[in-house]
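Please read the structure below before turning to the comments.
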Amino acid sequence: MRLIFVTLLALILAASVGLGATWMTATRGTDLGALTIGAWTARPKTGTADVDPYSRASIARSGELPVGTGDGVAFLATRDDRKRPLDGRCDVVVSGITPAARFWTLTLYDNRGRLVANSLQRYGFTSQEIIRGADGSFEVRVASRSRAGNWLPTGGIERYTLVLRLYDTPVGVATRTQRDAPMPNIATERCS
């Protein structure tokens, strides 16, 4: 009787650990094959047949359509360069230049992967419409209140994700450093 009880307990414990680990990787993802430059993280293999099984499960769960390797790469940021979470109640500045790309977009999402609702219906910028400096650099202010220039409204949400998609770019699996792919800086300036 004791052997049956111990066996059942071991099976229940193993099933709990296995299901818990599966749920964690499917909802939060893994860093297998991740490319991190500053505050930005990309998974260049998610749009290929070489995608790892954890990323594949995460994509299936979320229903997202990843950018294919031949098309480009998507970088995500949930923290600034000092590792502070991006807070919609604070002024965050995304500035600098992007790696070489024919076209790029910078979009603001909530933590559920939905566009952040706002009265202006402005959800992001493209490389074609952004206001740049004479040297080609740009500055985007992500804040709850209106700002001059390139402004993305957060609606005051607590946490959000910035997604920088680079289309037709040499950035990919072989990229490793800021020198290979100069990514924009992300700095939190002030909080309300």
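Computed from the coordinates by the stated procedures, all read-outs in this text should not be read as laboratory data. Nothing here was measured: the structure is a model prediction, and the numbers come from that model. Every residue, glycine as well, gets a Cβ built from its backbone with ideal geometry; the counts of neighbours run over all protein chains shown.
Listed values, structure above:
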read-out: 15 Å reach of a label modelled at Glu158, 7 Å along Cα-to-Cβ, counting backbone N of the range 94-113; value: 110-112
read-out: Distance-filtered residues of the range 136-171 - backbone nitrogen under 15 Å, label point 7 angstrom along Ser95 Cα→Cβ; value: 136-143, 148-151
